[in-house]
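Working notes, beginning with the structure itself.
The values are calculated or read from the model by the stated rules, or taken from the named source; none is laboratory data. The shown structure was predicted, so the numbers you read here are calculated from the model rather than taken from an experiment. Reconstructed Cβ throughout: ideal geometry from the backbone, glycine too, with neighbour counts over all protein chains shown. The area values use the complete protein model at the heavy-atom level, side chains included, leaving out ligands, DNA and RNA. Shrake-Rupley method; radii C 1.70, N 1.55, O 1.52, S 1.80 Å.
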Amino acid sequence: MNPKRRTRLTVVLFLLAGAGVSVTLVLLALNENINMFYPPEAVVGGEAPVGTQIRAGGMVLEGSVDRDSESLDVSFVLTDYVGAEFPVRYSGILPDLFREGQGIIVQGELNGEGVFRASQVLAKHDENYMPPELAEMSAGHQKKPNPLNYDR
Amino acid sequence: MTVTETLKRWWHQLGSPRWFYEISGPWQTGFAVLALLLLAIGTVWGLAIAPMDYQQGNSFRIIYVHVPTAIVSQTVYMLMGAAGLVLLVWRMKLADMVLAAAVPFGMSMTALALFTGAVWGKPTWGAWWVWDARTTSMLVLLFLYFGLYALRQAIPRNEAAGRACAVLALVGTVNIPIIKYSVDWWLTLHQPATFKLTEAPSMPPEMWLPLLLNVLGIYCFFAANLIGRLKLTILERESGTRWVRELIAGRSP
């Protein structure tokens, strides 16, 4: 390689490394804010702010869904299955994928009593796609899915 | 001839647009035929024959368009980054042409990936759009493509435009690992990757095989499209040279 090209290559690689390092630093500084939602432990542990618009996520606890027979009001509990859980109240139409054990993200406000008033409910799904027959077969010994994938 | 000598010769030949123009015809046809076959089989198989998902039902099938377009849009960008590096260091004419010719395809695929993602998101997530790390970094990729397209139009001189685009393409590659790992580094609504290099896909073969065919098919489509655009760019930029004038004179009576 001739010296001219070698110099150009060095300059270009420095440029690339510089861009990479600065973006990494920005992302590290923003780290918490890039997360799309607060996990249950943050909601229960008081890290999530009270009284402002936030998003929180968790799995719908089995047997916790309570629908009002007169209106669209619904309440349920979001859990991380390792001890942290919080109640959610919502009024509106739930997404098709909403069901017990499903990963759910709610947008709204957390009040002083630790109840989450949701204005929007989003369903999260994982990458484990499966035909219905196979899902029925493996339903008995299905391993607990981790649709929120937070093992940190 | 040793391997290094062959590689060296090939590298020098790549520097000649005329050589590329003359050898690339059959390659374009080959890739186009392959793309047509793979995409036809993969799409019919995925949309009509493959089983539906146990949770999402038939709306899952949009994966057969969404994943290939999303993957190829990132690969095209990486290729442009590499072309930018070659242009800046070796000043190879063909690299500048690749940088210009790949933009429209990559831009369309990014837009298509975002669009199919929105269409998929509405029935499954319950929203057309959310600002999570994956969707936002993908939107940044679309804006990078817009930027490259606009920059090329804004500078009239080819050489200056080429170098400016090369720098933008190269710096923009920083976004690619962010897109790829966004679903692992942060909490997102978007699910983790469908295809991983280190693990088997987490769905049965009758679901991922058609998807694989479509991914390969879209790569062939890109190759055919790129070669076609490159040939046009070569004719346009080399229109003053003797071989192009002779080629055109020989063809038109």
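GNM remark for chain B: springs join alpha carbons under 10 Å apart, and the peak mean-square fluctuation among B:Leu37, B:Leu99, B:Leu168 falls on B:Leu37.
Heavy-atom accessible surface of A:Ile54, to the nearest 10 Å², is about 20 Å², with a 1.4 Å probe and all protein chains retained.
Compute the separation of the alpha-carbon centres of segment B:94-141 and segment B:198-235 and state it in Å as a whole number. After rounding, the separation between the Cα centres reads 16 Å. Each Lys and Arg adds +1 at its Cβ and each Asp and Glu adds -1 at its Cβ; summed about the Cα centre, chain B shows a dipole of about 780 debye.
One Cα centroid belongs to segment A:1-73, the other to segment B:1-77; the line between them spans 32 Å.
Measuring with a 1.4 angstrom probe and ignoring ligands and nucleic acids, B:Lys196 comes out at about 70 Å² accessible. Mean-square fluctuations from a GNM of chain B, with a 10 angstrom spring cutoff on Cα atoms, peak among B:Val89, B:Val215, B:Val67 at B:Val89. Under the convention that each Lys and Arg Cβ holds +1 and each Asp and Glu Cβ holds -1, the size of the dipole of the protein assembly as shown around its Cα centre is about 2980 debye.
Take each residue of peptide B:125-132, count the partner chain Cβ atoms within 10 Å of its Cβ, and average: the result is 6. Loop-located GluC sites (Glu not before Pro) in segment A:46-103 (DSSP state not H, G, I, E or B) with no more than 16 neighbouring Cβ atoms inside 10 Å: A:Glu47, A:Glu62, A:Glu70, A:Glu100.
For chain B, the 222 nm mean residue ellipticity estimated from helices alone, with every DSSP H stretch of n ≥ 4 adding -39500 (n - 2.57) and the total spread over all residues, rounds to -25500 deg cm²/dmol.
Once all protein chains are placed together, A:Asp68 keeps about 70 Å² accessible to a 1.4 angstrom probe.
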